[in-house]
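Participant: Can you read through this structure? Questions will come right after.
Laboratory data are not the source of any read-out in this text; all were calculated from the coordinates shown. These figures come from a predicted structure and were not determined experimentally. Here the Cβ positions follow ideal geometry from the backbone for every residue, glycine too, while neighbour counts run over all protein chains shown.
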Amino acid sequence: MTHNPSVNYQHWKELGFAHKDKGNFLRKGEVGNWKSHLNEEQVSMFEAWERKHLKNTDLKFIYEENTTQPTT
C-alpha cells in the first residue's frame, strides 16, 4: 500500500501537510500489527472510547483475523 498513490498520502507531503523526512502515514498493513505500536494504556483508551461512542450502533471493530466477535 505504501506504493499506491491512492492511499499512501504522498500528496500530503508534496503539499506540505506532512514532513517529507519524518515517518510514513502507513505501517505494514498487517492485521494485528497494532500490538507492536500501542501499549496497554493506549489500548484501554481506545476500548473505552468505543464503549462510550459506539454503544448505540451496530458497528464492531475486529482486531484479529479469524476471531469471532460477541453478538448482542
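Participant: Net charge within 9 Å of G32 by Cβ-Cβ distance, Lys/Arg positive one each and Asp/Glu negative one each, not counting G32 itself? Please report the intermediate quantities before stating the final value.
Facilitator: On the way: positive: K35; negative: E30, E64, E65.
After counting each charged neighbour, the total is -2.
Participant: Over the Cα atoms of region 31-72, what radius of gyration and what Dmax do you get, in Å?
Facilitator: 11.4, 30
Participant: Straight-line reach from K55: which aspartates and glutamates have Cα under 14 Å away, leaving out those fewer than 8 places along the same chain?
Facilitator: Partners within reach: E47.
Participant: If R0 is 25 Å, what FRET efficiency do you get for I62 and E14 from their C-beta distance, rounded to 0.05? Can you show the working numbers first?
Facilitator: Numbers: r = 34 Å, r/R0 = 1.35.
Here the calculated transfer efficiency is 0.15.
Participant: With θ set to phi - 60° and the Karplus curve 6.51 cos²θ - 1.76 cosθ + 1.60, what are the ³J(HN,Hα) couplings of region 31-37 in order, to the nearest whole Hz, using x for Gly and Pro?
Facilitator: 4, x, 5, 4, 4, 7, 10
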